[in-house]
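K.L.:
Quick one: the structure is below, and I'll ask about it shortly.
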């Protein structure tokens, strides 16, 4: 089995190299005598994001002692800095680098739900190159091939109104589907094809454990088909996904050696020029012990400020329903507690002070955190400020 998998991987690598060899002569020809031209097409961006949150929860189950303990209201502050470099290389190539830094773990170090309450928090991190990749466009941009250190969530499971923790929802359940086991920034290669404006198809190969060792041994594979209709002249995006994480996982009988897999959708549709609705759904293999959530559903809306004369503002609301895996329900009952599906709500208002500064008050409410009725509900009140150049 291992030799057969290695042969498949070797074939994929050779195919990738062949595409690159086809494109390199064209790039070289366009730059002869003008080696430094691509520097003139370089764009640099700097973004600083600061978040303050206060959380209130009365009682919760201690994960070590399995006893109900009084919780205390606490507040947290985090910040992150993003330094981005985009460069067009010749007419068909593009290079990108993201350097990140930040401090603060946010409320998730003390309060526990199925997803992060502050997806922007990155802990105590010095300057780190989070992304560094090259993209080659082929056949008049019909195909786009990317390789390097990649954030796969930039191109897969996207959503126009629920996708970015810096400018949209803060809770991770509304940034990406919680049932998809994406690797962290990792070695990856992606290929997107857009034969028409109506349909696009994406394929991804990534290092599932994101450790940059044996990058071909434990593949994360993903396929996505997107449909982009114009309904009554209003934009819509309908994404259908399947994925497989090839790392060794434990099942509920404590046996290792299983791959994880699942399916998901992500839709967003304008119903008015100022109003966009969205929904997500995801399913993950219930036999994998890490999959405490078997199904995840979220939905909501974004209303643009043009409706009340504030073109650069918007308000958004989302509801998430994390449906428990039956095996996890049994485990919760075995510990003497009551399993309940987790429900997550978030409301924010994005206020543009000017072209470079915005402020965003944010409220979250979580019922049955981590799927346990004895975990009291959580209220999270916060504000996000951002400066962008």
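The values are calculated or read from the model by the stated rules, or taken from the named source; none is laboratory data. Source: prediction; values computed, not measured. All Cβ positions, glycine included, derive from the backbone under ideal geometry; neighbour counts span all protein chains shown.
K.L.:
Just need a number here: residues in the stretch 117-136 that are assigned to a loop (DSSP other than H, G, I, E, B) and surrounded by 20 or more Cβ atoms within 10 Å (Cβ to Cβ).
P.N.:
Going through the stretch 117-136 one residue at a time, the tally reaches 6.
K.L.:
Which of the residues that make up the stretch 210-228 are assigned to a loop (DSSP other than H, G, I, E, B) and under 19 Å from residue 163 (Cβ atoms)?
P.N.:
228
K.L.:
If you don't mind, there's one more thing I want to ask. When you check residue 139 against the structure, is it more than 26 Å from residue 195 (Cβ to Cβ), surrounded by fewer than 21 Cβ atoms within 10 Å (Cβ to Cβ) and over 18 Å from the mean Cα position of the chain (by Cα), yes or no?
P.N.:
No; evaluated as a whole, the condition is false for this residue.
K.L.:
Moving to a separate point now. Can you find, within the stretch 116-140, the residue that is modelled with the highest pLDDT among those that are out of contact with any strand residue (DSSP E or B) (no Cβ under 7 Å at 6 or more places or on another chain) and over 22 Å from residue 97 (Cβ atoms)?
P.N.:
Checking each candidate, the answer is 116.
K.L.:
I'd like the full set of residues that are at pLDDT below 95 and in contact with a helix residue (DSSP H, G or I) (Cβ under 7 Å, 6 or more places away or on another chain), limited to the stretch 275-311.
P.N.:
311
K.L.:
For residues that are touching a residue at least 40 places away in the same chain (Cβ under 8 Å) and outside any loop (DSSP other than H, G, I, E, B), scanning just the stretch 99-116, find the one that is nearest to residue 341 (Cα to Cα).
P.N.:
107
K.L.:
Across the stretch 253-280, what is the total count of residues that are touching a strand residue (DSSP E or B) at 6+ places or on another chain (Cβ under 8 Å) and without any contact (Cβ under 8 Å) to a residue 24 or more places away in the chain?
P.N.:
5
K.L.:
Quick test for you: out of 352, 296, pick the one residue that is touching a residue at least 12 places away in the same chain (Cβ under 8 Å) and more than 22 Å from the chain's Cα centre (by Cα).
P.N.:
One residue alone meets the criteria, 352.
K.L.:
Continuing with this model, one more query. With the condition kept exactly as written, say whether any residue in the stretch 157-165 is buried (at least 18 other Cβ atoms within 10 Å of the Cβ), touching a helix residue (DSSP H, G or I) at 6+ places or on another chain (Cβ under 7 Å) and free of Cβ contacts under 8 Å to residues at least 60 places away in the same chain.
P.N.:
Within the stretch 157-165, not a single residue is buried (at least 18 other Cβ atoms within 10 Å of the Cβ), touching a helix residue (DSSP H, G or I) at 6+ places or on another chain (Cβ under 7 Å) and free of Cβ contacts under 8 Å to residues at least 60 places away in the same chain.
K.L.:
Then there's this: In this structure, is residue 235 touching a residue at least 24 places away in the same chain (Cβ under 8 Å), surrounded by fewer than 15 Cβ atoms within 10 Å (Cβ to Cβ) and either assigned to a loop (DSSP other than H, G, I, E, B) or in contact with a helix residue (DSSP H, G or I) (Cβ under 7 Å, 6 or more places away or on another chain) (or both)?
P.N.:
When the stated conditions are applied, residue 235 does not pass them.
K.L.:
Among the listed residues 236, 202, 206, which satisfies the condition of being in contact with a strand residue (DSSP E or B) (Cβ under 9 Å, 6 or more places away or on another chain) and under 30 Å from residue 326 (Cβ atoms)?
P.N.:
206
K.L.:
All but one of (1) modelled with pLDDT of 90 or more; (2) closer than 30 Å to residue 375 by Cβ hold for residue 81, so report the exception by its number.
P.N.:
If we test residue 81 against (1) modelled with pLDDT of 90 or more; (2) closer than 30 Å to residue 375 by Cβ, just (2) comes out false.
K.L.:
Could you list, ordered by first residue, the pairs with Cβ atoms under 6 Å in which the first is in the stretch 314-337 and in contact (Cβ under 8 Å) with a residue 60 or more places away in the chain and the second is in a helix (DSSP H, G or I), at least 6 apart or interchain?
P.N.:
318/174; 320/173
K.L.:
In addition: Scan the stretch 116-136 residue by residue and report those that are under 18 Å from the mean Cα position of the chain (by Cα) and closer than 16 Å to residue 94 by Cβ.
P.N.:
131, 132, 133
K.L.:
Out of all the residues in the stretch 219-231, which are within 13 Å of residue 182 (Cα to Cα) and either touching a residue at least 40 places away in the same chain (Cβ under 8 Å) or surrounded by 19 or more Cβ atoms within 10 Å (Cβ to Cβ) (or both)?
P.N.:
219, 220, 222
K.L.:
Given the condition assigned to a strand (DSSP E or B) and either over 30 Å from residue 246 (Cβ atoms) or modelled with pLDDT of 95 or more (or both), answer yes or no: does some residue in the stretch 150-162 qualify?
P.N.:
yes
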